[in-house]
1. For region 354-383: of the residues being without any contact (Cβ under 8 Å) to a residue 40 or more places away in the chain and of a type in the set (A, V, I, L, M, F, W, C), which is surrounded by the fewest Cβ atoms within 10 Å (Cβ to Cβ)?
2. Can you find even one residue in region 416-432 that is assigned to a strand (DSSP E or B), open to solvent by 10 Å² or more (accessible area, probe 1.4 Å) and either touching a strand residue (DSSP E or B) at 6+ places or on another chain (Cβ under 9 Å) or within 14 Å of the ligand (Cβ to nearest atom) (or both)?
3. Looking only at residues that are under 17 Å from the mean Cα position of the chain (by Cα) and open to solvent by 10 Å² or more (accessible area, probe 1.4 Å) in region 78-119, which one is farthest from the ligand (Cβ to nearest atom)?
4. Can you name the residue in region 51-71 that is part of a loop (DSSP other than H, G, I, E, B) and not aliphatic (A, V, I, L, M) and is also nearest to H23 (Cα to Cα) among such residues?
5. K439 is checked against (1) open to solvent by less than 10 Å² (accessible area, probe 1.4 Å); (2) more than 14 Å from the ligand (Cβ to nearest atom) and fails just one. What number does that condition carry?
6. Considering each residue of region 72-116, count those that are acidic (D, E) and not in a loop (DSSP other than H, G, I, E, B), and give that number.
7. Yes or no: K467 under 23 Å from G190 (Cα atoms) and part of a helix (DSSP H, G or I)?
8. Tell me, yes or no, whether region 221-228 has at least one residue that is within 16 Å of the ligand (Cβ to nearest atom), under 14 Å from the mean Cα position of the chain (by Cα) and crowded, with 24+ Cβ neighbours inside 10 Å.
Amino acid sequence: MYKNFAEVKNAITSGVSVLEIVHYYLQNIEKNKECNIFLEVFSDSILTQAKLVDQKIKNKQAGRLAGLVIAIKDNICYKDHRVSASSKILKNFCSLYTSTALQRLLDEDAIVIGRTNCDEFAMGSSNENSAYGHVKNPLNLNKVPGGSSGGSAAAVIANTCTVSLGSDTGGSVRQPASFTGTFGVKPTYGRVSRFGLIAYASSFDQIGVFANTLEDTALVTEIMSGKDSLDSTCSSKQVEKYSVFEKTEKKKIAVFKEVLHNEHLTEDVKNSFSSLLNNLKNEGHEINEISFPYLDVLVPTYYVLTTAEASSNLSRFDGVHYGYRSKDAVGVEETYKKSRSEGFGIEVKRRIMSGTFVLSHGFYDAYYTKAQQVRRIIKEKTKEIFSNNDFILSPTTPNSAFEINSVKDPIQMYLQDIFTVHANLSGNPAISLPLFKDKDGFPFGLQVVANNFFEKELFSFSNYLVKFRND
Ligand code: GLN
């Protein structure tokens, strides 16, 4: 019923209260319990907030997001509410402050319904790495919702909130958006403040949005974006009106040959993507098939750099500063060792160890320096592509959602991100649009990548592309 903000606003205009809308979402949370989407529902605070917003609406003092109900990924801080990054090591940790991105939404009277399950410390592509159990895809309970923001994607498609927030370091918003048939955007690196987002790989992380409509995706991104004195990597560039879509003229679109002929693509993905390109050609857009010989090095480069950053970022979880502390440890060193061994899950440990290795004396130049050099080349090449093209198109994922427990090899799992990590390495904004369905009716997305800080163009072109949605 309240699948998007337009429906919520209509209901409010016709006299429905925000409190009633919240009850509707709470019921849907109850109905979808089996999917394990929420780690915690903020039942008390959301009812109080809903009443406050109802009062504001009555007094004609309500903000732009009055009635918008958000679910937040469990790595986004919300003052006086728990946040655990789906890890045992942060179990029962309570946020001391609110992340800037979320605060901007709260300032416009959005309210938060709960925190969503995700892969531990946002490391994963299937939501099977949470210390609090798998998330099931609401479209088919045997399948994964994608990861790492799988709970946030599932929350939107199951109608348990109007929109949700996730984080995207290598594809964690776009890939679950693809697997659940939702919209999912990763803004340009530095467009949205990272203050209050639990860090995984700081030079890659961005907070992103999931929604059932492009309008909601654009509006929430617009409100979250912009300069923040609490994050020095956040750009002071003026934020444009992303939610006002412009008419699309003929565009120049780059498509990588290495993507078109990629061995990992399923037939369904290949066919849907090719037929979309044909449609675009027929409509007069210029499709430039270019070679991008770096595709195969994207995932390895991403894993060298992100694990290096993670090994540093996660060193603060040591059983002393905060979080879980091993009960039977004696002395400082044993406290560190036991708390970290018991508190972190297997994938997080694997990444801390890889990251420590690539940064270690003797291997640093061979791995870390090399990967930085490759990143620079990728950034320059991407810039060059955007000097001749408006967008880069690809499928978001090489396949639609897979069965729970079916991908056991970590390398195979890492390859899920083959098309998404590029935008994180280069910093560009990218969106997954729910345009396609496979032969079983399961969704998968189209990824559109734009030039840095061209969010307005990205949303406007996406608005043109949604007419190719195949339902
Ligand atoms: N799936 C990727 C990984 O496991 C991306 C994660 C993310 O974007 N947070 O690292």
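1. A366
2. Within region 416-432, the subset assigned to a strand (DSSP E or B) is 430-432.
If we keep only those that are open to solvent by 10 Å² or more (accessible area, probe 1.4 Å) too, we end up with none.
The answer is no; no qualifying residue exists.
3. Looking at the filtered set, the residue picked out is T100.
4. The initial filter retains those residues of region 51-71 that are part of a loop (DSSP other than H, G, I, E, B), namely 59-68.
Now restrict to residues that are not aliphatic (A, V, I, L, M): 59-61, 63-64, 67.
Working: N59: 22, K60: 23, Q61: 23, G63: 21, R64: 21, G67: 12 Å.
In this case the residue turns out to be G67.
5. (1)
6. Taking region 72-116 as the starting set, the residues that turn out to be acidic (D, E) are 74, 80, 107-109.
With not in a loop (DSSP other than H, G, I, E, B) added as a condition, the list becomes 107.
Number satisfying all stated conditions: 1.
7. Numbers: under 23 Å from G190 (Cα atoms): no; part of a helix (DSSP H, G or I): yes.
Judged against the criteria, K467 is not a match.
8. Narrowing region 221-228 to residues within 16 Å of the ligand (Cβ to nearest atom): none.
Within region 221-228, not a single residue is within 16 Å of the ligand (Cβ to nearest atom), under 14 Å from the mean Cα position of the chain (by Cα) and crowded, with 24+ Cβ neighbours inside 10 Å.
The values are calculated or read from the model by the stated rules, or taken from the named source; none is laboratory data. Since the model is a prediction, treat every value here as computed from it, not as a measurement. All Cβ positions, glycine included, derive from the backbone under ideal geometry; neighbour counts span all protein chains shown. Surface areas here come from the heavy atoms of the whole protein model, side chains and all, with no ligands, DNA or RNA. Shrake-Rupley method; radii C 1.70, N 1.55, O 1.52, S 1.80 Å.
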